[in-house]
Amino acid sequence: MLQGGSIFARVWGAPNAHTVFCWHGAGGSSADFGTIGPELADRLGARVVALDTPGHSRSSSRPAEAFRPSALATLATEILDELDAKKFVFLGFSWGATIGCWVAARCPERTLGLVLVEGGHMDFADLPGFRTDRTLDELTSDAEAAAIREGDAFGSHTPDVAGAMIHGLCWESATATYQRIAAAGTPTLFVGARQDEHSGPVERLSRLVPQAEIVQLASPSHELLQDAPTEVARVVGDWLVDLEFAD
């Protein structure tokens, strides 16, 4: 049994099939994979599992330190153990892609593939003027102001959770995992939007994780799961077929 609170998940496909494990972005939920999940399950004959991650939607929250990527990677492997998924493909969107990088770096022997959708390529240190040395209280205060400003668009998490997530990402970046992912040779796919300002981080990912395949879609939107879900499912499905992942 998992420690620390309940986790809600949606599952598509056969219970004993190969597992695609999906982690949404900040403020999102398992419903974000409502198009991609069934399409991948049908095409690949796979079991697709998408979580409401801690502190989001129907899953209970956890202490601030539990939102560090390394701690969430440990939680992910515990959930995969509960699912009896000895090996898996990790598909992460935005924040979830960084969590996927940490899972792949820590469990290379279990990670059949790593799919990064609009994430895993940028750190907060890449953002001009962003101070990564701010305290948890300062980041939470910023999140409280954003929640008031954005209203329902803020998402399915609270400012406390948002602050803890950002604090964790400032301490444990995606790029800190690249050396281990590269050394393991983990098959990696990056699916991104067509945005010029992301070209530097994408090039860095390609250089430091040389096995990474880069696909940038015509959509200019970061929200690819909402704006181009069928296209994302097609690209990911094609890549997994080439990996001979399908049953």
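Placing unit charges on the Cβ atoms only, positive for Lys and Arg and negative for Asp and Glu, gives the chain a dipole magnitude near 500 debye about its Cα centre. In this simple spin-label approximation, ASN16 and LEU83 carry label points 7 Å from Cα along the Cα→Cβ vector, and these lie 1.8 nm apart. From the alpha carbon centroid of the range 209-247 to that of the range 124-143 is 30 Å.
Given the -39500 (n - 2.57) contribution per DSSP H run of 4+ residues, what per-residue ellipticity at 222 nm results for the chain, rounded to the nearest 500 deg cm²/dmol?
Working: 9 runs with 98 residues, N = 247.
Only helices count here, giving -12000 deg cm²/dmol.
DSSP beta bridges fully contained in the chain are about 15 percent antiparallel. Projecting label points 7 angstrom from Cα along Cα→Cβ for SER60 and LEU127 puts them 3.1 nm apart.
By how many nm would the segment from ARG149 to GLU223 lengthen if fully extended, with 0.36 nm per residue of separation less the alpha-carbon distance? The partial results should precede the final answer.
Values: separation 74, 0.36 × 74 = 26.64 nm, distance 1.96 nm.
Stretched fully, the ARG149-GLU223 segment lengthens by 24.7 nm.
Fewest to most neighbouring Cβ within 10 Å: what's the order for GLU109, GLU82?
GLU109, GLU82
Computed from the C-beta positions of PHE8 and GLU203 and an R0 of 35 Å, the FRET efficiency is 0.40 to the nearest 0.05. Exposure proxy for THR158, THR140, THR53: other Cβ atoms within 10 Å of each Cβ, ordered fewest to most, give THR158, THR140, THR53. When the charge dipole of the chain is built from unit charges on Cβ atoms (+1 for Lys and Arg, -1 for Asp and Glu) and taken about the Cα centre, the candidate among LEU205, GLY113, HIS56 whose Cα reaches farthest toward its positive end is GLY113. By definition, a body whose alpha carbon gyration tensor gives a ≥ b ≥ c is oblate when a/c is 1.5 or more and a/b is not larger than b/c, and the range 149-247 fits this oblate description. Using 1/(1 + (r/R0)^6) with R0 = 30 angstrom and r between the beta carbons of ARG194 and SER141, what's the FRET efficiency to the nearest 0.05? In this case the efficiency is close to 0.30.
Values quoted throughout were computed directly from the atomic coordinates according to the rules given, and no laboratory measurement underlies them. Predicted model only: the values in this text are computed from it and were never measured. All Cβ positions, glycine included, derive from the backbone under ideal geometry; neighbour counts span all protein chains shown.
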